[in-house]
1. Report yes if some residue within region 6-26 is part of a strand (DSSP E or B) and loosely packed, with under 12 Cβ neighbours inside 10 Å; otherwise report no.
2. What's the number of the condition Ser64 fails, among (1) of a type in the set (S, T, N, Q); (2) at pLDDT 85 or above; (3) farther than 20 Å from Arg95 by Cβ?
3. Would you mind stating whether Val77 is out of contact with any Phe, Trp or Tyr (no Cβ under 9 Å at 6 or more places or on another chain), farther than 24 Å from Gly94 by Cβ and among the β-branched types (Val, Ile, Thr)?
4. Hey, among the residues in region 41-58 that are touching a Leu at 6+ places or on another chain (Cβ under 8 Å), within 24 Å of Arg95 (Cβ to Cβ) and of a type in the set (A, V, I, L, M, F, W, C), which one's surrounded by the most Cβ atoms within 10 Å (Cβ to Cβ)?
5. Any chance you could count how many residues in region 28-40 are crowded, with 16+ Cβ neighbours inside 10 Å and not aliphatic (A, V, I, L, M)?
6. Return yes or no: is Val87 of a type outside the set (Lys, Arg), touching a residue at least 12 places away in the same chain (Cβ under 8 Å) and crowded, with 16+ Cβ neighbours inside 10 Å?
7. Which ones in region 59-84 are polar (S, T, N, Q) and surrounded by 12 or more Cβ atoms within 10 Å (Cβ to Cβ)?
Amino acid sequence: MKKILLALALLLLVGYGIFEARRLLEGPQIVLISPQNGSATSSAVWVTGTAHNISFLTINDQHSYTDEGGTFRELLVPPPGVTVITVAGVDRFGRKTTESVSITMLNYCPLS
């Protein structure tokens, strides 16, 4: 009976360890909320989304930051025409992930 209880306790301990390590095993994750792929705009663009398991985050090769919940928000003013916005992340083990959207920037003319 003691061997069964010991084996069960060990199994529960290993199972709990795997459950807690699942985020490390999944690797980095990025979800882009806006802008939508294929959208067109004539104003500055807010790039927003969430990133989990990320140590380093870039938006169009420029360093960006997340809040405690993993949310990022960056204002971009792309040149007129079709622009690809790429959000890339690296976790602490060097695993990489990217998400990209393509938008069309119409004639942008900021107000003075």
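The values are calculated or read from the model by the stated rules, or taken from the named source; none is laboratory data. Computed from a predicted model, the values in this text were never measured in an experiment. Positions of Cβ are backbone-derived with ideal geometry, glycine not excepted, and every protein chain shown enters the neighbour counts.
1. Taking region 6-26 as the starting set, the residues that turn out to be part of a strand (DSSP E or B) are none.
Checked region 6-26: no residue is part of a strand (DSSP E or B) and loosely packed, with under 12 Cβ neighbours inside 10 Å.
2. (3)
3. On the way: out of contact with any Phe, Trp or Tyr (no Cβ under 9 Å at 6 or more places or on another chain): no; farther than 24 Å from Gly94 by Cβ: yes; among the β-branched types (Val, Ile, Thr): yes.
The answer is no for Val77.
4. Checked region 41-58; the qualifying residue surrounded by the most Cβ atoms within 10 Å (Cβ to Cβ) is Ala51.
5. Going through region 28-40, the residues crowded, with 16+ Cβ neighbours inside 10 Å turn out to be 28-30, 32, 35.
Adding the requirement that they be not aliphatic (A, V, I, L, M) leaves 28-29, 35.
Going through region 28-40 one residue at a time, the tally reaches 3.
6. Working: of a type outside the set (Lys, Arg): yes; touching a residue at least 12 places away in the same chain (Cβ under 8 Å): yes; crowded, with 16+ Cβ neighbours inside 10 Å: yes.
Yes; evaluated as a whole, the condition is true for this residue.
7. Of the residues in region 59-84, the ones polar (S, T, N, Q) are 60, 62, 64, 66, 71, 83.
Passing the criteria: Asn60, Ser64, Thr66, Thr71, Thr83.
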